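Here, each number is a calculation from the coordinates, and none is a lab measurement. Remember, it's a predicted structure, so these values are computed and weren't measured experimentally. Because the Cβ atoms are built from the backbone with ideal geometry, glycine has one as well, and the counts that use them run over all protein chains shown.
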């Protein structure tokens, strides 16, 4: 399931920020965040340092994974669910002081979430609405087609505001949680071929599907290529050499008393 989780996250990022648009001047992105879509962490954004009101950004995570039998079943996990978590926030640039290895302090860039107000809340509402539209199958957003090749359906959506550490001040950020039913990892079938799969073919579906659909040179495809190199070769099938078929009626067949005997022509004697 972990490969499917990675597939879901990469497909979600592609839906929110199509890689092909990153090299297209003046491109229109599906959400207010534009190209400011981040995978699993917020990077320091130098371009925000001069923004008084802040800019919308998105951080994509995959969190809880659950597998269970079909309704009424008692074994075998047939249905698989992953929580796709979208952090939607209005961000401003800031600095924090860190201590270097030599003990000297150094200021580094960071991203801060400001206290919310009427304008920030309105922007967050629009920001969230456009994110929800991307992951709404009925909206038919073109960039989300790959996402729905991994996510079979979205069962539930939760949205919660963020407050400060004292739980008294509301900040300009919301956590949107999509409970997605996804496809299970499906490994390539063992092959009788003398050569093992190479490159992206080593990946299980649906990650292999996502990897093949991502543009060459994109960071997502490069990540998949790296993951493929970490997978050890699988054992292939044992070649079939032949079979014996016994159809004796009223007698016990002996070891060499078979009615039909077939040998695979390509098998070694």
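Residues 178, 29, 147, ranked from the fewest to the most other C-beta atoms within 10 Å, line up as 29, 178, 147. Spacing of the modelled spin labels on residue 229 and residue 157, each 7 Å from Cα toward Cβ, amounts to 3.9 nm. Using the alpha-carbon centroid of each, what span in Å lies between segment 92-163 and segment 177-231? Distance between centres, Cα-based: 27 Å.
Shape annotation for segment 2-187: C-alpha extents along the principal axes are 58, 41, 34 Å, from largest to smallest. If the segment from residue 139 to residue 68 were pulled out straight at 0.36 nm per residue, it would be longer than the present Cα-Cα gap by 22.6 nm.
At full extension, residue 40 and residue 170 could sit 44.5 nm farther apart than now, given 0.36 nm per residue minus the alpha carbon distance. The listed peptides 2-14, 55-67, ordered by packing as a protection proxy, come out as 2-14, 55-67 (highest mean of other Cβ atoms within 10 Å first).
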